[in-house]
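Quick notes on the structure that follows.
The values are calculated or read from the model by the stated rules, or taken from the named source; none is laboratory data. Please read these numbers as outputs of a predicted model, since none were measured by experiment. All Cβ positions, glycine included, derive from the backbone under ideal geometry; neighbour counts span all protein chains shown. Accessible surface areas use protein heavy atoms only, side chains included; no ligands, DNA or RNA. Shrake-Rupley method; radii C 1.70, N 1.55, O 1.52, S 1.80 Å.
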Amino acid sequence: WQWYPLFECAECGGEFEWREVTGRAFLFSWTTVYKAFLPGFEDKIPLIVAVAEVEGAPGVRFISNIINAKPEDLKVGMELKIVYEKVDEEHTMPRFEIVK
């Protein structure tokens, strides 16, 4: 397993194949941003930026935002699911939500 995706192994140059994972992840760490440093982010504050370990992909930790949650709801190791948020007509972003 290698993250981020490349066309070849960063160590040996060998080829990879794509594999599907479950969409589950477990919270490894996070930080909460309370100040919008760029225009257009004011409505996303507080913004939770998380690192999660992806189930079924040993060694892969993925960084994204946790949505529909408050910082005080978070605990290391809690189960998350990957959801997809349509940003505009051309872009969709993977995000995390807490599994309840």
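In the stretch 11-23 there is no residue that is modelled with pLDDT of 95 or more and β-branched (Val, Ile, Thr).
Of everything in the stretch 28-47 that's in contact (Cβ under 8 Å) with a residue 12 or more places away in the chain and open to solvent by less than 60 Å² (accessible area, probe 1.4 Å), which residue is nearest to VAL76 (Cα to Cα)? Taking the candidates together, the pick is SER29. When each of LYS86, LYS81, LYS75 is tested for being open to solvent by 60 Å² or more (accessible area, probe 1.4 Å) and out of contact with any strand residue (DSSP E or B) (no Cβ under 6 Å at 6 or more places or on another chain), the lone residue that passes is LYS75.
Per the listing ALA50, ALA25, ALA69, the residue uniquely part of a loop (DSSP other than H, G, I, E, B), surrounded by 15 or more Cβ atoms within 10 Å (Cβ to Cβ), on the phi < 0 side of the Ramachandran plot and in contact with a strand residue (DSSP E or B) (Cβ under 9 Å, 6 or more places away or on another chain) is ALA69. Taken across the stretch 28-49, residues that are under 21 Å from TRP1 (Cβ atoms), over 12 Å from the mean Cα position of the chain (by Cα) and of a type in the set (D, E, K, R) do not occur at all.
Output the residues belonging to the stretch 11-22 that are open to solvent by 80 Å² or more (accessible area, probe 1.4 Å) and in a loop (DSSP other than H, G, I, E, B).
Across the stretch 11-22, the qualifying residues are GLU11, CYS12, PHE16, GLU17, TRP18, ARG19, GLU20, THR22.
Among the residues of the stretch 53-66, the one identified as of a type in the set (A, V, I, L, M, F, W, C) and open to solvent by 40 Å² or more (accessible area, probe 1.4 Å) is ILE63.
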